[in-house]
Every structure is written in structure tokens, then in C-alpha cells.
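Inspection log for the structure reproduced underneath, given as C-alpha cells.
The values are calculated or read from the model by the stated rules, or taken from the named source; none is laboratory data. The model shown is predicted, which means the values in this text are computed figures rather than measured ones. When we count neighbours, we look across all protein chains shown, and the Cβ atoms used for this are built from the backbone with ideal geometry, even at glycine. Surface areas here come from the heavy atoms of the whole protein model, side chains and all, with no ligands, DNA or RNA. Shrake-Rupley method; radii C 1.70, N 1.55, O 1.52, S 1.80 Å.
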Amino acid sequence: MKIISFLNPKGGSGKTTVTINVSSCLAASGKRVAVVDTDPQMSLTNWNRNEKARFDVYTASSEKDVYQVRKELSEYDYVIIDGAGSLSVITSAAVMVSDLIIIPVTPSPLDFSASGSVVTVLEAQAYNRPVEARFLITRKIEQAKMLSVLKDSIAQTGIKALKTAINQRQSYVKSVLDGDSVFETSDGAAKGEIQILTREIEAFFE
Ligand SMILES: Nc1ncnc2c1ncn2[C@@H]1O[C@H](COP(=O)(O)OP(=O)(O)OP(=O)(O)O)[C@@H](O)[C@H]1O
Ligand SMILES: [Mg+2]
């Protein structure tokens, strides 16, 4: 069983959207997937109110629940943790239990600094058990200047970015509002980029 966390205390960086879509993609390929919603706002739990998800959803109410994940959810192939939109003890717990940390970041220059706190938690954790971490560029728009600023900021952290980026697309917004993933839409470009991202993530564990 592999545990992957999407973490960035910056609200709106795309954690929940990417969690829903990557988890749907993994589940569609036959993997047993559990998603753990650690956000006190419970956006992922609410997204699944009609229980349309192809994966199981668990709600963590404290960091204790997160520490239990490896033991309690051991029957799954993948456990995906959707991080909270604020820096909390839950973020540290998620870093402790994860095999891979993904930090979604948007090209908005003002948004990047919040992700530094995840890097700090990762560096503290590195003394115990180093954990693989990657940035993921989300909500990408064709704005060369903003993108190059973001790439420079990423480079300065010493943590690499995933090759696949997620573009800004209306289909992500609309499908999530409908309790779906992009796989229930006709947006082939969105489905394609999620599939490529999911393969890139799976390759970590091969
Ligand atoms: N690739 C995308 N294209 C367009 N809109 C997006 C994309 N990803 C996310 N959004 C939109 O941005 C907003 C924030 O996304 P999301 O809820 O996934 O972020 P989050 O990091 O989980 O936020 P929070 O920290 O508040 O939980 C939502 O309105 C969502 O629909
Ligand atoms: Mg969220």
C-alpha cells in the first residue's frame, strides 16, 4: 500500500481537484483507492455526498486519524490524503506517514510563499525518514512570465517539479461541482493530462 499526500496550506492551489481526478484515474485502472479528507471544511466528503466516487472516502478529524492510516487502510493499493487549506498538525502527520508528497502550486506569484511551510516540515522530517516530494504546477495558464517566475521559485527550494502540469480548465470546476471527475466529461485534453500525471505518479513506485 502506498500513501500519497497532496499538501499546500495555500487555499485554492488545487489539492482537492487533483485528488479527485488522480484518485478516479487510479480507481478506473482497477486499483483499490481510499481518499482521506483532512480538510475541516470537508470539501471532498461533501463532493461525494451522492456517493458517485469510484474510490472510498474517509474523513480524518484529527492528526490521530492520519497516523492510523497505514494500519487501518492497509487493504488498499493507494491511500490519497487531501490536505487542509491551512498549516496544521495534520500536515505534519501527513508528511510522517506518506511515501510521496505532492505540493500543488499555481503560477500566481503571491501564492508560492505558503508552500514554503510544507518544505520546512519536509526538511524537519528528513532527519527521521526522508520522503520523496515533488511540486505539481496546477491551474496553468499560457503566461510565460508567471510560469518562469514559478519555475525559478521551485528551483530555489531544491525540490523538483513533476513533468506533467495541470492546466486551468473549466471542466475541472464544473465536474467537481457536479460530484464527478473529468472522466464524466467530454474534455479529452483534461482526461489526457490526468492520465499522464497518474502514470508519472505510479512510476515512483515501480
Ligand atoms: N485545473 C483547474 N482549472 C480550473 N479551475 C481549477 C483547477 N483546479 C482547481 N480549480 C478551481 O480552483 C478552486 C480551488 O481548487 P481546490 O478546491 O481544488 O483547491 P484546494 O487546494 O483544495 O483548496 P482548499 O485549500 O481551500 O481546500 C476551485 O474553485 C476549483 O474549481
Ligand atoms: Mg481542498
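Taken across the range 5-19, residues that are away from ligand 2 (no atom under 16 Å from the Cβ) and either open to solvent by less than 70 Å² (accessible area, probe 1.4 Å) or farther than 30 Å from SER153 by Cα (or both) do not occur at all. Looking only at the range 148-171, residues that are touching a residue at least 40 places away in the same chain (Cβ under 8 Å) and either over 25 Å from PHE204 (Cα atoms) or not in a helix (DSSP H, G or I) (or both) come to 4 in all. Here GLY179 fulfils each of the conditions (1) farther than 21 Å from ILE3 by Cβ; (2) of a type in the set (Gly, Ala, Ser); (3) part of a helix (DSSP H, G or I) apart from (3). Counting just the residues of the range 157-177 that are aliphatic (A, V, I, L, M) and open to solvent by less than 60 Å² (accessible area, probe 1.4 Å), which one comes out nearest to ALA133 (Cα to Cα)? Filtering the range 157-177 for residues that are aliphatic (A, V, I, L, M) and open to solvent by less than 60 Å² (accessible area, probe 1.4 Å), the one nearest to ALA133 (Cα to Cα) comes out as ILE159.
Tallying residues that are within 15 Å of ligand 1 (Cβ to nearest atom) and open to solvent by less than 70 Å² (accessible area, probe 1.4 Å) within the range 30-52 yields 10. As a summary of the residue check, TYR67 satisfies the conditions (1) in contact with a strand residue (DSSP E or B) (Cβ under 8 Å, 6 or more places away or on another chain); (2) at pLDDT 90 or above except for the one numbered (1).
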